[in-house]
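One structure below.
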Amino acid sequence: MADFNQYTRWEHQMHDIKLPRWDDLPKFDLYMDQVTALINAVLGPLGVDTMTPAMINNYVKHKVILAPVKKKYQTMQLADILMISLLKPMFQTETVRSGIDQITAGDYPKQAYDNFIGRLEDRLHHLGESQTQPAAENLNEKLMQVAVDAVVARLQSEKLLTLIKRPLQKVEKTK
């Protein structure tokens with residue numbers, strides 16, 4: 001019962017999560033150490049894996065995000081890194097990039113990012129409540145809805161697994 005209460009407290013903590021919209025991201029270019037500090041500060045309360053410089057360099061190398069200009073990252077790259085950080089545990093990075101490209105083909109990157117973050121926050125703020133989502137009007141909206149649901153389901157399952165884990169009892173062998 002204590003574990004269930006702890007999970008319920010976690011759900012309530014998720015109700016207070018505030019993720020940055022496009023206009024909340026820095027308007028000036030950031031160096032790698034500033035990028036990782038920002039990404040980890042934003043996503044830390046969600047329990048998402050820490051972003052490292054090596055991971056970001058790998059995304060650049062594989063053209064998942066645009067290369068920095070004079071070793072500085074801009075708002076578009078920050079938004080991409082945030083979305084990749086949220087989605088990479090469920091999808092290959094190339095799949096995430098393809099999804100971002102698909103959604104931004106019909107929306108401006110700012111609008112697409114803000115829509116994704118807004119939907120994610122809305123789902124987190126209503127954890128534990130029965131919720132019906134509005135029907136998607138097109139494939140891009142459906143893709144975003146499914147991606148948000150995947151992120152939330154992953155966060156919930158990871159929290160539940162950490163609470164449920166118990167040391168395995170050793171089975172004594174009888175002769």
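For the reader, a short list of remarks on this structure follows.
- Among residues of segment 47-66 that are at positive phi, those with a Cβ under 7 angstrom from a residue that is open to solvent by 70 Å² or more (accessible area, probe 1.4 Å), sequence gap 6+ or separate chain, pair up as G47/E158.
- From G118, G99, residue being closer than 27 Å to R9 by Cβ and open to solvent by less than 70 Å² (accessible area, probe 1.4 Å): G118
- Among the residues of segment 83-138, those that are hydroxyl-bearing (S, T, Y) and either part of a helix (DSSP H, G or I) or modelled with pLDDT of 90 or more (or both) comprise S85, T93, T95, S98, T104, Y108, Y113.
- T162, sole failed condition from (1) open to solvent by 50 Å² or more (accessible area, probe 1.4 Å); (2) under 21 Å from H15 (Cβ atoms); (3) in a loop (DSSP other than H, G, I, E, B): (3)
- Hey, I56 open to solvent by less than 20 Å² (accessible area, probe 1.4 Å) and under 13 Å from the mean Cα position of the chain (by Cα) or not: no
- Consider segment 101-135 and keep the residues that are hydrophobic (A, V, I, L, M, F, W, C) and in contact (Cβ under 8 Å) with a residue 60 or more places away in the chain. The one that is farthest from A147 (Cα to Cα) is L127.
- Leading residue by the ranking (surrounded by the most Cβ atoms within 10 Å (Cβ to Cβ)) among those in segment 67-82 that are in a loop (DSSP other than H, G, I, E, B) and at negative phi: P68
- Count - residues of segment 1-52 that are in a helix (DSSP H, G or I) and either over 12 Å from the mean Cα position of the chain (by Cα) or exposed (fewer than 13 other Cβ atoms within 10 Å of the Cβ) (or both): 25
- Filtered residues of segment 17-33 (kept if farther than 23 Å from A112 by Cβ and touching a residue at least 24 places away in the same chain (Cβ under 8 Å)): Y31, M32
- Flag if L143 is assigned to a helix (DSSP H, G or I), modelled with pLDDT of 85 or more and open to solvent by less than 30 Å² (accessible area, probe 1.4 Å): no
The values are calculated or read from the model by the stated rules, or taken from the named source; none is laboratory data. What you are looking at is a predicted structure, and each value in this text was computed from that prediction instead of being measured. Reconstructed Cβ throughout: ideal geometry from the backbone, glycine too, with neighbour counts over all protein chains shown. Side chains included, ligands, DNA and RNA excluded: accessible areas come from the protein's heavy atoms. Shrake-Rupley method; radii C 1.70, N 1.55, O 1.52, S 1.80 Å.
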